[in-house]
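What follows is a single structure, written as structure tokens, with notes after it.
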Amino acid sequence: MTETELNNYIKHYLEEDKTNTAIMLTGEWGSGKTYYVENVLAPFLKKDNDKNRCIIISLYGLEKISDINKSIYMELRMKVLEKNSEMRATGKLIAKTIVKGATGIFGIDINMSEDDLQNLYSSIDLSEKLLIFEDLERSNIEFTKLLGYINNLVERDGVKILIVANEDEILNKTTETVKFDSEALLTTSSNTNREDNPKSIPENIQRYFRIKEKTISDTVCFESNYYEAVKNILNTFDNKKINKIVDEVIDVIEELASMVRRECHKNLRTFIFATQKTVDIFNKMEENYDEDFLKCIYFGIISFSAKIKEGEFPEWQGTEYLSTSLGTNWNPLFKFCYDYIRWQKIEVNKISKARDEYEKMKLYDEKADRRDEDLQKLYSYYVRTENEVKEVLKNIENRLTDSKDIGFYNYGKLAAYLIKVNHAIEFDYTKCKECMIQNIRGKGDHISSELLFLQMYDLEEGEKRELEIFYKQMSESMNIRNSQNDFSYNPDEIANLYNWVIKEEQKLRKNQEFISRYNVNQIVEMLFHSSAKQIHDFRGVLFAVYRYAGKEDFVEADVNAMKDILGAVQLRINFHYYEIDKIQLQQLNWLCGNLKEFISQMS
């Protein structure tokens, strides 16, 4: 049911139903039942005659039936005090079940005068009102007694009652081993001769269903309109920074509603908690930040809030400033947010540093799927109109003028699609190409060209040649090192060689050739002029390339080159043993051991 359908159904029950039964609204905890009752249903029922028609009573923690009577009496007395005209109304339905309990609590003498008794009855009039019992499953009163009490109200006194509950929790709370199908259970309990009669079902649960069948006519499963719920919750907070995100980011409410359904498991309480923490943090900010960073803070907190379990709080898992495991790859949780949520403290000076780290992540993290709307539209150009595609291309062209806008790991795929779309609608992508080549200039040490230029696009022959030229121009702009020609055999260059090998290891394995391309004598000379750390890094180079290599993975020349290096290093160690720093010597001996291992597994 939609909220409108549910409103009309409950209104019809309140005004037209003659069955003298209650109705039940059931749904998971946090699904928004209470929010619906207080913010949607109650105003809807009130607007017809401008009277409060809903009497909402929480059964949470109540121990006795008399506690319910007291709650109802006090709730109604407060409404009478707020609007004395109700006390003068006539022809009202009197809930005698409530009066009987309330008189004992307040020490009211049931033998009072007729006028005084009429005043008491009038003060708790329930005609044209809906009595709503919330949190049935959280009451400490036995459920069969509760339903018996409700049955008296609806059957004897004609009261209209809506029960709001998580019925699954009622059943699970009674037994940890059995989940019940109410329809099947009623069928089974009415036919005790059936062979499949479940002996493990407790008698009190069977009584619960029997009484429920008599007391409750309809049970409606609640499904929140999460889009409207999110919008209404944001309105209650009315935070300027959140409003800015909503105004500036397209479909952000739909994104939030999707997160409530997916990550928060339809629990609006989790969303409200996350929104409160976000508002607290936003109010403590001393600088103005762009919408994307604010959105990332908010979405990261929502994702993290969904990971917090009762009695458990996740330990920090991330860098100094952010965590993708506690947030998501595209909306990480920032450390300053984590500290505030856990310790209620915030270091404002770390917010700008976190922002800088986030900007860097967007540009360089190949796993950070930014779900960029313009790029997604471009990649699905074949189901769009020409005007739509041209508009998207102009947006991308303008955005590329800012080198920090579109992440670099998008450039490979973007280049391919610029070429594909150019051939489809004749869009001149020259400006885009110039910006991309300029933006990526000198970034070769920070970007894996293997991932950036991954060839996986369906292109015609002419398009392929065009893309190869585009890739070559970007590669040259990045100053990608070609390993042999750029290596000077200077010990200070080993760290750069190591970084390059880590990025290009897949390409090196594909080429099946590495160490044989270098001058063995110059390598050995370099090693004996290297620090322990530099020798350690050189060992890391060999590990990155050969750790999993077998006989067929690299050319025989590589094995021979390693044999030559091993022999030359061992010879120099023997001649200069006492002249070598002992830590450097240990590193050289470890290098020899590594070389022997690689030679053995590749021979």
Query raised in the report: Within the range 461-471, can one find any residue that is charged (D, E, K, R), within 23 Å of residue 386 (Cβ to Cβ) and in the same structural domain as residue 384 (by TED's automatic domain parsing)?
Result: yes
Query raised in the report: For the range 369-378, how many residues meet the condition of being touching a residue at least 12 places away in the same chain (Cβ under 8 Å), on the phi < 0 side of the Ramachandran plot and either within 21 Å of the chain's Cα centre (by Cα) or exposed (fewer than 15 other Cβ atoms within 10 Å of the Cβ) (or both)?
Result: 4
Query raised in the report: So which residues in the range 274-333 are of a type in the set (Lys, Arg) and either in contact with a Pro (Cβ under 8 Å, 6 or more places away or on another chain) or not in a strand (DSSP E or B) (or both)?
Result: 277, 284, 295, 307
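Residue under question is residue 477, and the condition is that it be of a type in the set (Ser, Thr, Tyr) and under 30 Å from residue 417 (Cα atoms); does it hold? Spell out the reasoning first.
Details: of a type in the set (Ser, Thr, Tyr): yes; under 30 Å from residue 417 (Cα atoms): yes.
Yes: the conditions hold for residue 477.
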**Report entry** Qualifying positions in the range 398-416 - over 19 Å from residue 295 (Cβ atoms) and surrounded by fewer than 18 Cβ atoms within 10 Å (Cβ to Cβ)
**Finding:** 398, 401, 403, 413
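What is the residue count in the range 16-40 for residues that are in a helix (DSSP H, G or I) and either free of Cβ contacts under 8 Å to residues at least 60 places away in the same chain or on the phi > 0 side of the Ramachandran plot (or both)? Can you show your working first?
Kept after step one, since they are in a helix (DSSP H, G or I), are these residues of the range 16-40: 16, 33-40.
With either free of Cβ contacts under 8 Å to residues at least 60 places away in the same chain or on the phi > 0 side of the Ramachandran plot (or both) added as a condition, the list becomes 16, 38, 40.
Looking only at that region, the number is 3.
Take the range 1-14 and flag every residue that is in contact (Cβ under 8 Å) with a residue 60 or more places away in the chain and not β-branched (Val, Ile, Thr).
1, 3, 6, 9, 13, 14
Examine the range 542-550 for a residue that is hydroxyl-bearing (Ser, Thr, Tyr) and over 28 Å from residue 451 (Cα atoms), and state whether such a residue exists. Lay out the reasoning, then the answer.
Looking only at the range 542-550, we keep the residues that are hydroxyl-bearing (Ser, Thr, Tyr), and these are 546, 548.
Now drop any that are not over 28 Å from residue 451 (Cα atoms), which leaves none.
No: zero hits.
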Query - the range 197-243, residues that are under 29 Å from residue 22 (Cα atoms), modelled with pLDDT of 80 or more and either more than 35 Å from the chain's Cα centre (by Cα) or charged (D, E, K, R) (or both) - result: 209, 210, 211, 212, 213, 214, 215, 216, 217, 218, 228
Report summary line: Checked pairs for the range 352-366, first at pLDDT below 90, second in a helix (DSSP H, G or I) and of a type in the set (A, V, I, L, M, F, W, C), C-beta under 6 Å and 6 or more apart or across chains, list as 363/408; 366/451
Report summary line: Of the residues in the range 342-382, those that are assigned to a helix (DSSP H, G or I) and among the small types (Gly, Ala, Ser) come to 352, 354
Query raised in the report: Out of the range 395-444, which residues are part of a helix (DSSP H, G or I), within 31 Å of the chain's Cα centre (by Cα), closer than 19 Å to residue 476 by Cα and not aliphatic (A, V, I, L, M)?
Result: 408, 409, 410, 411, 412, 413
Query raised in the report: With respect to the numbered conditions (1) part of a helix (DSSP H, G or I); (2) touching a residue at least 24 places away in the same chain (Cβ under 8 Å), which one is the sole condition not fulfilled by residue 61?
Result: (1)
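From the list 153, 120, which residue is closer than 21 Å to residue 75 by Cα, at pLDDT 85 or above, assigned by TED's automatic domain parsing to the domain that holds residue 61 and surrounded by 14 or more Cβ atoms within 10 Å (Cβ to Cβ)? Walk me through how you get there before you give the answer.
Working: 120 fails: at pLDDT 85 or above.
Result of the check over 153, 120: 153.
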Query raised in the report: Hey, does the range 521-539 have a residue that's closer than 24 Å to residue 451 by Cβ and at pLDDT 85 or above?
Result: yes
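Among the candidates 241, 266, 231, single out the residue that is crowded, with 18+ Cβ neighbours inside 10 Å and assigned to a helix (DSSP H, G or I). Before you say what the answer is, go through the steps one by one.
Details: 266 fails: assigned to a helix (DSSP H, G or I); 231 fails: crowded, with 18+ Cβ neighbours inside 10 Å.
When all the criteria are applied, what remains is 241.
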Requested in this report: Those residues that are out of contact with any strand residue (DSSP E or B) (no Cβ under 7 Å at 6 or more places or on another chain), farther than 23 Å from residue 410 by Cβ and surrounded by 17 or more Cβ atoms within 10 Å (Cβ to Cβ), I need them from the range 316-345; list them, please.
Outcome: 336, 337, 338, 340, 341
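Which members of the range 553-598 meet the condition of being touching a Lys or Arg at 6+ places or on another chain (Cβ under 6 Å) and over 19 Å from residue 529 (Cβ atoms)?
Step one: filter the range 553-598 for residues touching a Lys or Arg at 6+ places or on another chain (Cβ under 6 Å), giving 591, 594.
Matches in the range 553-598: 594 only.
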**Report entry** Tally, over the range 351-368, of residues that are more than 24 Å from residue 282 (Cβ to Cβ) and loosely packed, with under 13 Cβ neighbours inside 10 Å
**Finding:** 1
**Report entry** Scan of the range 428-457 for residues that are at pLDDT 80 or above and surrounded by fewer than 12 Cβ atoms within 10 Å (Cβ to Cβ), ordered by number
**Finding:** 428, 430, 442
Requested in this report: From (1) touching a residue at least 12 places away in the same chain (Cβ under 8 Å); (2) assigned to a helix (DSSP H, G or I), pick out the condition that doesn't hold for residue 339.
Outcome: (1)
Query raised in the report: Checking residue 266 against (1) over 16 Å from residue 324 (Cα atoms); (2) touching a helix residue (DSSP H, G or I) at 6+ places or on another chain (Cβ under 6 Å); (3) in contact (Cβ under 8 Å) with a residue 60 or more places away in the chain, which single condition isn't satisfied?
Result: (2)
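The values are calculated or read from the model by the stated rules, or taken from the named source; none is laboratory data. Everything numeric here is computed off the predicted structure, so don't read it as measured data. Cβ atoms come from the backbone with ideal geometry, glycine included; neighbour counts cover every protein chain shown.
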